[in-house]
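Encoded as structure tokens, the structure appears first; notes follow it.
The values are calculated or read from the model by the stated rules, or taken from the named source; none is laboratory data. Since the structure is predicted, the reported quantities are computational estimates derived from the model, not experimental observations. Cβ placement follows ideal geometry from the backbone for every residue including glycine, while neighbour counts extend to all protein chains displayed.
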């Protein structure tokens, strides 16, 4: 009987080993199937050089995947960092409350330091010698703004330095990220950054309670200017993604606009009439700005002031990239968390 029992046990053990082997083989097959698309995409990216890309200054042919990128636009540097681009140096703006001591924007300065990004030149003063000294295989520049690289394209071309120009004035950071990802061979990384951001915004939207009444985004006393966001602007679209209804100027106030972009600029005297929202978000605003807005006698009778529904979007909200966008979303989340 012992012999029969031993044979039975041995047979059972063999069957268990076979089953375990089949389970392991199944897991390995699943892993291979999961990895294959990623590996195939990586291989495709590695094989797709040289590549020609269209950009704001025409077409650019890159012979190989860039490994030393220089950014002459601090407004674009944060997007490059978000998609894992190999940025070695970036132009810096004039140090201010919006930056660190070097002039890197506060929202991405720590990330840049961690990755060893150097200051290319300060105060947005273009320096071709500094660019050459950084030994870039690609310069990324802006088409517009105070950090525009357009006036220096001829100098860069004369030095044989490939330059890719993007336009942040009429594109979201997500659009620019995907454009850069395609140009730099970082398509998967750019797509992942956009999806991470959108997932966080969706998660916040699910746990806050926006007011039912419309809201306005106001640039209050920024360089002695006053403005109201258009509903199609970058900050407005982000609030809309969180469940807010953003309104711009009343239709009859178009003739009072001094200038317009994503924001319509009005006089301080016309500001109260220009704000249709019953709640107000202050662009680039801090708690100090909220206090000043609430104390402004010109605005004393506005519903947002009367009901104290004025909120700061934070100092980094003036230009939305991956990092400042997350900070703006989190500020809104803190103010409108469900009870």
Candidate set from the range 160-181 (those that are at pLDDT 95 or above and surrounded by fewer than 17 Cβ atoms within 10 Å (Cβ to Cβ)); member that is nearest to the chain's Cα centre (by Cα): 175
Note on the range 153-178: residues touching a strand residue (DSSP E or B) at 6+ places or on another chain (Cβ under 6 Å) and free of Cβ contacts under 8 Å to residues at least 40 places away in the same chain are 156, 161
Selection from the range 153-171 of residues under 10 Å from residue 143 (Cα atoms) and touching a helix residue (DSSP H, G or I) at 6+ places or on another chain (Cβ under 9 Å) yields 164, 165, 166, 167, 168
With respect to the numbered conditions (1) within 21 Å of the chain's Cα centre (by Cα); (2) assigned to a loop (DSSP other than H, G, I, E, B), which one is the sole condition not fulfilled by residue 88? (2)
May I ask you to list the residues in the range 44-53 that are surrounded by 11 or more Cβ atoms within 10 Å (Cβ to Cβ) and at pLDDT 55 or above? 48, 49, 51, 53
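Here's the yes/no breakdown for (1) more than 20 Å from the chain's Cα centre (by Cα); (2) at pLDDT below 95; (3) under 24 Å from residue 326 (Cβ atoms):
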site: 42; (1), (2), (3): yes, yes, no
site: 102; (1), (2), (3): yes, no, yes
site: 113; (1), (2), (3): no, no, yes
site: 118; (1), (2), (3): yes, no, no
site: 137; (1), (2), (3): yes, no, no
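Please give the helices (runs of 4 or more DSSP H) falling wholly within the range 253-339 in which 3 or more residues are at pLDDT 95 or above, closer than 18 Å to residue 210 by Cβ and not assigned by TED's automatic domain parsing to the domain that holds residue 142. Before you say what the answer is, go through the steps one by one.
On the way: elements: 271-274, 287-295, 303-306, 322-335.
Output list reads 322-335.
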Test: residue in the range 189-207 that is in contact with a strand residue (DSSP E or B) (Cβ under 7 Å, 6 or more places away or on another chain), buried (at least 18 other Cβ atoms within 10 Å of the Cβ) and not assigned by TED's automatic domain parsing to the domain that holds residue 310: no
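What number of residues within the range 207-219 are farther than 21 Å from residue 254 by Cβ and either within 21 Å of the chain's Cα centre (by Cα) or in a strand (DSSP E or B) (or both)? Walk me through how you get there before you give the answer.
Start the filter on the range 207-219 by keeping residues that are farther than 21 Å from residue 254 by Cβ, which leaves 207-213.
With either within 21 Å of the chain's Cα centre (by Cα) or in a strand (DSSP E or B) (or both) added as a condition, the list becomes 208.
Looking only at that region, the number is 1.
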